[in-house]
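The values are calculated or read from the model by the stated rules, or taken from the named source; none is laboratory data. These figures come from a predicted structure and were not determined experimentally. Ideal geometry is used to build each Cβ from the backbone, glycine not excepted, and the neighbour counts take in all protein chains shown. For accessibility, only protein heavy atoms count, side chains too; no ligands or nucleic acids. Shrake-Rupley method; radii C 1.70, N 1.55, O 1.52, S 1.80 Å.
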Amino acid sequence: MSASIYAGKALARVRPLSAPAMATLRPNVFSVTDPDAIRAATVEEFAPSLEPSKVRARTVGTVSGAGQKIELTEASIIVSGGRGMKGPENFPILQELADALGGAMGASRAAVDAGWIDHQHQVGQTGKTVSPTLYIACGISGAVQHLAGMSSSKYVVAINKDPEAPIFKIADYGFVGISLRSCPS
């Protein structure tokens, strides 16, 4: 078995030393394929004891997302904003686009650190790793830490005023020089 380490840059071989063992997968990492008729799984019924004296876990609290409609890590479309959005007053534009596309809103660490948007939206090495079908990066230069969290996206659309921004190296489509101003309806 292997586990992703160093923001997905390396794999570590791991072996459970005791039972039970558990494996988890990040959403949208693997595509759905046709069943393999040669392979079969054995399903074992398990009925754990729920007597309080035998349970060694307890709930200490719960935290709910603040207004996020679709979980960022499960979204097939993500619209993200960075420092190029120029302030928190422009993030509703991204939310409106994300809503119209049926997606979620993300952000760069720079936008989160500036206090423009909540940490729950942060994509990257110190945020969430995402693998959507479409990732739209608005005003995100493409720091290595951000790319580590979104580079497995199927399609990347980058919008940035700097034609040399690193985000364009991984983008499928790029738009340069777009400014934030209202367009006539």
*Report, ordered by the first and then the second residue, all pairs with beta carbons closer than 8 Å, sequence separation of six or more or different chains, a first member in segment 45-57 that is small (Gly, Ala, Ser), and a second member that is surrounded by 10 or more Cβ atoms within 10 Å (Cβ to Cβ) and in a loop (DSSP other than H, G, I, E, B).*
Ser49/Val55
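Could we say that Lys86 is open to solvent by 50 Å² or more (accessible area, probe 1.4 Å) and closer than 14 Å to Cys138 by Cα here?
Working: open to solvent by 50 Å² or more (accessible area, probe 1.4 Å): yes; closer than 14 Å to Cys138 by Cα: yes.
In short, yes.
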*Listed residues Leu97, Leu134; which is surrounded by fewer than 17 Cβ atoms within 10 Å (Cβ to Cβ) and farther than 27 Å from Ile5 by Cβ?*
Leu97
*Would it be correct to say that Gly124 is farther than 10 Å from Gly81 by Cα and either in contact with a Cys (Cβ under 8 Å, 6 or more places away or on another chain) or surrounded by fewer than 24 Cβ atoms within 10 Å (Cβ to Cβ) (or both)?*
no
*Condition test on Ser108, is it closer than 17 Å to Thr129 by Cα, at pLDDT below 95 and of a type outside the set (A, V, I, L, M)?*
no
